[in-house]
1. Would a scan of the stretch 192-200 turn up a residue that is touching a Lys or Arg at 6+ places or on another chain (Cβ under 7 Å) and assigned by TED's automatic domain parsing to the domain that holds V318?
2. Just one of (1) surrounded by 15 or more Cβ atoms within 10 Å (Cβ to Cβ); (2) over 19 Å from K170 (Cα atoms); (3) charged (D, E, K, R) trips up E263, so point out which.
3. Is it the case that the stretch 137-158 has a residue that's touching a Phe, Trp or Tyr at 6+ places or on another chain (Cβ under 7 Å), assigned to a helix (DSSP H, G or I) and surrounded by fewer than 20 Cβ atoms within 10 Å (Cβ to Cβ)?
4. Step by step: first the residues of the stretch 297-314, then only those that are under 17 Å from Q145 (Cα atoms) and without any contact (Cβ under 8 Å) to a residue 40 or more places away in the chain, then the one that is surrounded by the most Cβ atoms within 10 Å (Cβ to Cβ). Which residue is that?
5. I'm checking my understanding of the structure. Among residues of the stretch 241-255 that are out of contact with any Lys or Arg (no Cβ under 7 Å at 6 or more places or on another chain) and either modelled with pLDDT under 95 or assigned to a helix (DSSP H, G or I) (or both), which one is surrounded by the fewest Cβ atoms within 10 Å (Cβ to Cβ)?
6. Does the stretch 311-318 contain any residue that is assigned to a helix (DSSP H, G or I), among the β-branched types (V, I, T) and either closer than 27 Å to G183 by Cβ or in the same structural domain as Q204 (by TED's automatic domain parsing) (or both)?
7. If the requirement is being aliphatic (A, V, I, L, M) and touching a Ser or Thr at 6+ places or on another chain (Cβ under 8 Å), which of these qualifies: V228, V223?
8. Which one of these does G265 not meet: (1) modelled with pLDDT under 95; (2) in the same structural domain as G188 (by TED's automatic domain parsing); (3) assigned to a loop (DSSP other than H, G, I, E, B)?
Amino acid sequence: MKGKITLKHISKELDVSISTVSKALKDSPEISQETREKVQAFAKLYNYRPNNIALSLKNRKTKNIGVIIPEIVHHFFATVIEGIEQEANASGYNVIICLSSESFDKEVINMEMLANGSIDGFILSLTKETQMKKDYHHLVEVINQGMPLVLFDRIADEIPCDKVVIDDEKGAFDAVNKLIEVGCKKIGLISTVDYVSVGRLRTQGYLKALIKNNIEVDQNLIVKIEDVAHASEMIAPLLDCGVDGVFAVNEAFAMTAINLAHEKGIKIPSQLSVIGFTDGELSKYASPALTTVSQNGHQIGQEAARMLIEKIEEESEVFQTKVVKTKLIVRKSTKN
């Protein structure tokens with residue numbers, strides 16, 4: 001095998017996951033002895049050397065920050081990056097951005113690549129796959145080696161590090177409460193599967209708003225989407241249930257609901273009011289313009305960068321969670 005061998009090479013050759021390789025090389029008891037011995041023997045045969053989070057060169061500052069996001073086209077993540085860059089550049093730091101593409105393996109590979117001395121710390125939003133697996137060994141390794149980590153948006157409560165979030169539950173509660181205020185009585189929810197933390201919290205906000213207003217929760221009006229490629233076919237039946245309001249946990253789901261409503265001849269907002277989450281460009285230029293919960297991505301990015309730089313320069317062991325306030329932006333997709 002030519003060139004420097006990596007975790008990915010070993011994973012492919014032995015037909016095991018990158019997570020298994022990483023744990024086996026650390027002699028983790030979570031991995032069977034047979035697999036550990038096989039991985040370690042293969043690594044030794046090809047002279048594997050970790051590129052590694054353990055080589056974080058803690059005492060040598062690079063003035064670089066590593067940012068790993070699940071997707072780049074999402075307006076929210078774009079605004080977070082703008083906020084990170086603005087704050088980091090003002091403090092003399094550069095920003096290196098990597099895309100995990102919602103893949104656990106890519107998240108691990110990106111962390112290994114960046115932590116070989118290229119950066120001083122990480123800002124990261126977890127992939128859906130990482131949250132599904134609940135495998136955070138790569139994050140724990142970063143922290144154990146003294147490299148600062150800030151999680152934002154999709155976080156893991158189990159990880160002892162700084163975090164920046166919005167109050168997803170309250171943002172959703174306020175949105176559904178608005179639908180109730182304008183007269184909606186049969187309100188549908190379009191959400192993600194529960195292992196995605198933000199979707200789970202926004203679902204809780206939806207349920208709380210219904211209960212507070214003495215509206216019975218109808219599970220038939222709750223759509224939980226795992227594969228966005230099938231969003232339309234999952235949302236369409238909801239609009240046939242006679243709903244007069246829809247709350248969607250992201251902008252894409254809300255826009256899909258609006259487009260399907262147009263196709264079905266459902267008038268917005270007179271027959272159906274729709275509220276989404278994010279407040280991106282799609283929301284502003286939709287027809288009608290979408291009422292939405294603003295996540296203040298720019299501020300989240302600024303706060304994340306500020307917290308990380310503080311950790312890099314002061315090396316404090318006290319962790320905090322910063323909650324950025326949301327705001328309901330009322331437009332034409334809801335009745336007055």
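1. no
2. Tallying (1) surrounded by 15 or more Cβ atoms within 10 Å (Cβ to Cβ); (2) over 19 Å from K170 (Cα atoms); (3) charged (D, E, K, R), E263 fails exactly one: (1).
3. Checked the stretch 137-158: no residue is touching a Phe, Trp or Tyr at 6+ places or on another chain (Cβ under 7 Å), assigned to a helix (DSSP H, G or I) and surrounded by fewer than 20 Cβ atoms within 10 Å (Cβ to Cβ).
4. Only one residue tops the list, namely E313.
5. C241
6. No: the stretch 311-318 contains no residue that is assigned to a helix (DSSP H, G or I), among the β-branched types (V, I, T) and either closer than 27 Å to G183 by Cβ or in the same structural domain as Q204 (by TED's automatic domain parsing) (or both).
7. V223
8. Of the numbered conditions (1) modelled with pLDDT under 95; (2) in the same structural domain as G188 (by TED's automatic domain parsing); (3) assigned to a loop (DSSP other than H, G, I, E, B), the odd one out for G265 is (1).
The values are calculated or read from the model by the stated rules, or taken from the named source; none is laboratory data. Keep in mind the model is a prediction, meaning the values are calculated, not measured. All Cβ positions, glycine included, derive from the backbone under ideal geometry; neighbour counts span all protein chains shown.
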